[in-house]
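Each remark here refers to the structure printed beneath this line.
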Amino acid sequence: NTTLQRKLSHLSGLREIDVSIASNLDLSVTLGVVLDQVLAQVGVDAATASLLDPHTLTLSFTATRGVTKAALLGTTVPLGQGVAGRVALTRQPEIVNELPTNPSSALGQALVNQEGFTSFAAVPMVAKGKVLGVLGVFRRQSFDASSDWLETLQTLAGQAAIAIDSAQLFLELQRTNLELGLAYQDTIEGWARALDLRDKETEGHSRRVTEMAVGLCRALGVRDAELVHIRRGALLHDIGKMGISDAILLKPGPLTAAEWVEMRRHPGYAVELLAPIKFLRPALEIPQHHHEKWDGSGYPQGLRGAAIPLAARAFAVVDVYDALTNDRPYRAAWTRERALAHLQEQAGSHFDPAVVQTFLALEGDAPTAS
Ligand code: C2E
Ligand code: FE
C-alpha cells in the first residue's frame with residue numbers, strides 16, 4: 001500500500017513537471033519544479049541542476065534547492081572535472097558517501113562546513129542520446145542502500161532532460177523564425193526600393209505610408225498579429241506600377257483616357273506578382289484594394305463601404321495624404337492643411353468617414369513633417 005502511494009505521488013510529481021514543461025519557457029523555473037520533486041521524492045536535503053554548454057564544455061548551475069546560500073548558482077565546472085563534470089562525461093551515476101572533511105575547493109568547503117552535507121550523488125540528464133546536464137543531490141547522512149532512490153532520481157533526471165531539450169528546441173525554432181522574418185522583410189524592402197528607382201518622386205513614399213498605415217491601423221483596433229501583414233502590404237502597395245510604362249508613370253501632365261486604363265491596372269499587376277507568394281497572401285488586401293472608394297466609384301473592383309477591407313480603407317487615406325503633400329511629376333506638393341482639408345471633404349465619398357476621423361485625430365495635431 002505504501003508502495004502504491006509512493007508510486008502515485010511519484011506519478012503526480014511527473015505530471016507536475018509535464019505541466020511546467022508545457023507552460024514554462026524559462027528553464028530555471030522548470031528545473032526548479034524538477035528539483036522540488038527530487039526533494040519530495042528522493043529524500044535528500046538539497047538538489048542542484050547544472051546545464052552543459054556544448055560550446056564551452058562546461059557545466060553551469062542553473063537551479064538549486066535546499067542550499068541555504070545560493071552559493072552554487074552561476075558557478076561553472078569544466079566537463080570531466082569534479083564528480084558532476086565526470087558524470088557528464090561518462091554518463092554514469094556517481095555516489096560519494098563520505099565527502100572529504102577537508103575539500104580542496106572553496107565551494108566544497110562551503111558545502112561541507114556551512115551546509116553540513118556529508119554525501120553527494122549525481123546522475124546525467126540525457127535526452128535523444130545527448131547529455132544536457134547533471135542532476136546532483138546532497139544529504140547530511142549516507143544514502144540508503146536498500147531503497148530505490150537512485151532509480152527515482154534517474155527518472156526525474158530523464159524528465160528534466162526532456163524539459164531542457166524542448167526548451168532548447170523552442171528557442172532554436174524561434175531564432176530561425178526571427179531570422180526568416182528578417183530575411184522576408186529585407187526582400188520586400190528591396191522590391192519597394194526597386195520601384196523607387198523607377199519613380200524617383202515616390203522615393204521615401206513607401207516608407208512613410210507604411211509607418212503611417214501601421215499607426216492608423218493600430219489606432220483602428222487591428223490586432224498586433226495582423227500588423228505584420230499591413231506592414232508588408234503597405235510597403236508593396238504600388239509594386240504593380242512596375243508594369244506601367246515610363247511614358248505613363250513619369251508623364252509630367254494629366255493622363256489621357258487610354259493612359260488611365262493602363263494606370264488603373266497597377267493593383268491587378270500587384271496581385272499577379274504577389275499572389276503566388278504564399279507568405280504575402282495575407283498582405284494582398286492593400287496592393288489590391290487601395291484605390292477602391294467608399295462610395296463604390298474606385299478601382300479595380302468598385303467595391304463599396306465595408307466590402308472594402310479595413311486595411312485598404314485605412315491605407316487609401318494615408319496614401320492620398322502622402323501623395324498630396326509631396327511633389328509628383330504631374331503637380332507640386334500641397335500644404336499639410338490643404339491635404340487634411342481634402343481628406344475631410346472626401347470623407348463619405350472617397351474615404352470611410354470613421355477612418356478619416358481617426359487619421360485626423362492622429363495626424364491633425366502631430367508636428368509638421370519635413
Ligand atoms: P500617386 O501619385 O501615388 O497618387 C495616389 C493617389 O493620391 C491618387 O490615386 C489620388 O487618389 C491621390 N492624388 C494624388 N495626386 C492628387 C491630386 O493632385 N489631386 C487629387 N485630388 N488626388 C490626388 P489615383 O488618382 O487613382 O492615381 C493613381 C496613380 O496614377 C498615381 O499615384 C499616379 O502614379 C498616377 N497619376 C494620377 N494622376 C496622374 C496624372 O495626372 N499624371 C500622371 N503622370 N500620373 C498620374
Ligand atoms: Fe496606387
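The values are calculated or read from the model by the stated rules, or taken from the named source; none is laboratory data. As the structure is a computational prediction, the values presented were derived from the model and not from experiment. Because the Cβ atoms are built from the backbone with ideal geometry, glycine has one as well, and the counts that use them run over all protein chains shown. Ligands, DNA and RNA are excluded from the accessible area calculation, which covers all protein heavy atoms including side chains. Shrake-Rupley method; radii C 1.70, N 1.55, O 1.52, S 1.80 Å.
Here are a few things to note about the model shown:
- Members of the stretch 113-141 that are small (Gly, Ala, Ser), in a loop (DSSP other than H, G, I, E, B) and at pLDDT 90 or above: 129
- Selection within the stretch 119-147 - hydroxyl-bearing (Ser, Thr, Tyr) and either touching a Phe, Trp or Tyr at 6+ places or on another chain (Cβ under 9 Å) or open to solvent by less than 20 Å² (accessible area, probe 1.4 Å) (or both): 119
- In the stretch 158-178, the residues that are charged (D, E, K, R) and at pLDDT below 90: 172, 175
- Residue tally, condition open to solvent by less than 50 Å² (accessible area, probe 1.4 Å), farther than 22 Å from residue 43 by Cα and touching a residue at least 24 places away in the same chain (Cβ under 8 Å), over the stretch 80-118: 2
- Strands (runs of 3 or more DSSP E) lying entirely in the stretch 1-112 (those with 3 or more residues that are at pLDDT 90 or above and under 38 Å from the mean Cα position of the chain (by Cα)): 46-53, 58-65
- Complete set of residues in the stretch 148-183 that are open to solvent by 50 Å² or more (accessible area, probe 1.4 Å) and not hydrophobic (A, V, I, L, M, F, W, C): 148, 151, 154, 155, 168, 172, 174, 175, 176, 177, 179
- Each residue in the stretch 245-264 was checked for being in contact (Cβ under 8 Å) with a residue 24 or more places away in the chain and under 22 Å from residue 206 (Cα atoms), and 6 pass.
- Selection status of residue 251, open to solvent by less than 70 Å² (accessible area, probe 1.4 Å), of a type outside the set (Asp, Glu) and assigned to a loop (DSSP other than H, G, I, E, B): yes
- Residues being part of a helix (DSSP H, G or I) and within 13 Å of ligand 2 (Cβ to nearest atom) - total across the stretch 263-294: 11
- Residue 274 passes every criterion in (1) loosely packed, with under 12 Cβ neighbours inside 10 Å; (2) in contact with a Lys or Arg (Cβ under 9 Å, 6 or more places away or on another chain) apart from (1).
- Within the stretch 218-277, the only residue that satisfies the criterion of being under 34 Å from the mean Cα position of the chain (by Cα), within 14 Å of ligand 1 (Cβ to nearest atom) and of a type in the set (Val, Ile, Thr) is 239.
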